[in-house]
């Protein structure tokens, strides 16, 4: 058999069922081997989208997604996706081709050192130099991508290595279970002692608390200890926060969408102890630690990164699920001050979710978030691109389950929303999936509408239109710069959708968003909905209102 056949068998051995790719001539042996395999080759219209889809596969399943590109320009187009997965802790395998390494018939045409390029953006970057090494290299790549902290691994397969004959005696490396080490008893006891002494405790759920393996365990923790909680942007959904009828949700205090001064910081600022579960400092800080700040206990799969704004006083390092179960066993029923901060909850949530049903048109961000929440069922998935609306969704969208709101608060790259939603729809074809994109971010990978139509996905794409790079325009205003240089024109999005074979719709009134979205979901297929936004709320609420709140508190 050829080395490429062995390579594909090794991928099958890892459970790979799809590869997202824009192949080149250096990948053709692998493409031919895939033709005779159980793996589906999903062609995307840009390598960046292939990487975003593979990364989202890893995020939602815990198992590495796989993407592939050719050498040089194709491989370089994977770079943003590699960084997206690296900062976001999403397991992924990136495969790139390369010219022959045994000969140099094309000299240095198209050759870029992709191994070196990928090293700072991945957990490992390695060239496969012989067929005999393939089984071990592939097994190690997948193991490394999945182990904590998860992330991308890059493999380069040169075309002459892929084409060489491999011994039929070579076999894939069998998989074996690997257990995450348990936290030390002393660490559990130290954390328990601090908790039992706390007068105003608070729990924070960060990005790593959304690992698929933790489903349900964190809700059980909150039920048992009774301490109110908040979450970072990427920690949304770890414990249901949608209604007060579900046990545990009456303890949700909100989302730290900003680093300070927001309403949820009323609770954070009064807490004398914060149990930080799964916080990863790649996220924009959910709160700023200082010398007079609260005692912080870090609970994580790996030890905390000590930063200027985050330096925990105690750590519980090991399997998060078992660590929290053991911690709850020790402190359950022994926390007389567990609910000390609960009286703040009603005021925080009321002001955070204020004006969510205003009927002005164009719609306010709060109204858009409210109406999206109306049409999404408990298991619905919303994938956000990056823009001003992300802050509003982080603050105001109340999640019912883990990974129901996919956003990126680590690399925070534009262009990821549509591919991420496409991956979610592929994995969960029976659930409602929506991509929410600004007009700027959408156009960065809008060509993937063709891919979505070709794959026959059921997917609604909501475009929030302001004809500008809205977040930077807002920052421009906050910093007292002139409003200049950040506006652009847009195509007719309805016709644009139709050109790809999708259905386009435009919202014409404040009351029109919910029925338009409902009609899109009911009809099925790829649906694009355009809604204009009134971003005056960015300054009215996120600047003026919060600044006045801080002034009132200081007085």
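Note on region 269-281: among residues that are crowded, with 24+ Cβ neighbours inside 10 Å and over 14 Å from residue 301 (Cβ atoms), the one that is farthest from the chain's Cα centre (by Cα) is 271.
Scanning region 111-135 for residues that are surrounded by fewer than 18 Cβ atoms within 10 Å (Cβ to Cβ), touching a residue at least 24 places away in the same chain (Cβ under 8 Å) and over 26 Å from residue 87 (Cα atoms) turns up 111, 129, 130, 132. Every test in (1) surrounded by fewer than 19 Cβ atoms within 10 Å (Cβ to Cβ); (2) touching a strand residue (DSSP E or B) at 6+ places or on another chain (Cβ under 7 Å) is passed by residue 193 save one, and that test is (2).
Residues in region 377-389 that are buried (at least 23 other Cβ atoms within 10 Å of the Cβ) and farther than 21 Å from residue 65 by Cβ: 387, 388, 389. Of all residues in region 145-158, those that are within 26 Å of residue 132 (Cα to Cα) have Cβ atoms under 8 Å from Cβ atoms of residues that are surrounded by fewer than 23 Cβ atoms within 10 Å (Cβ to Cβ) and modelled with pLDDT under 95, 6 or more apart or on another chain, in 147/178; 158/99; 158/100; 158/101.
The listed residues are 340, 314, and the only one of them that is within 17 Å of residue 189 (Cα to Cα) and in contact (Cβ under 8 Å) with a residue 40 or more places away in the chain turns out to be 314. For region 197-213, which positions are part of a helix (DSSP H, G or I) and crowded, with 16+ Cβ neighbours inside 10 Å? Across region 197-213, the qualifying residues are 207, 208, 209, 210.
The values are calculated or read from the model by the stated rules, or taken from the named source; none is laboratory data. Just so you know, these numbers come straight off a predicted model, no measurement behind them. Glycine also receives a Cβ, built like all others from the backbone with ideal geometry; neighbour counts cover every protein chain displayed.
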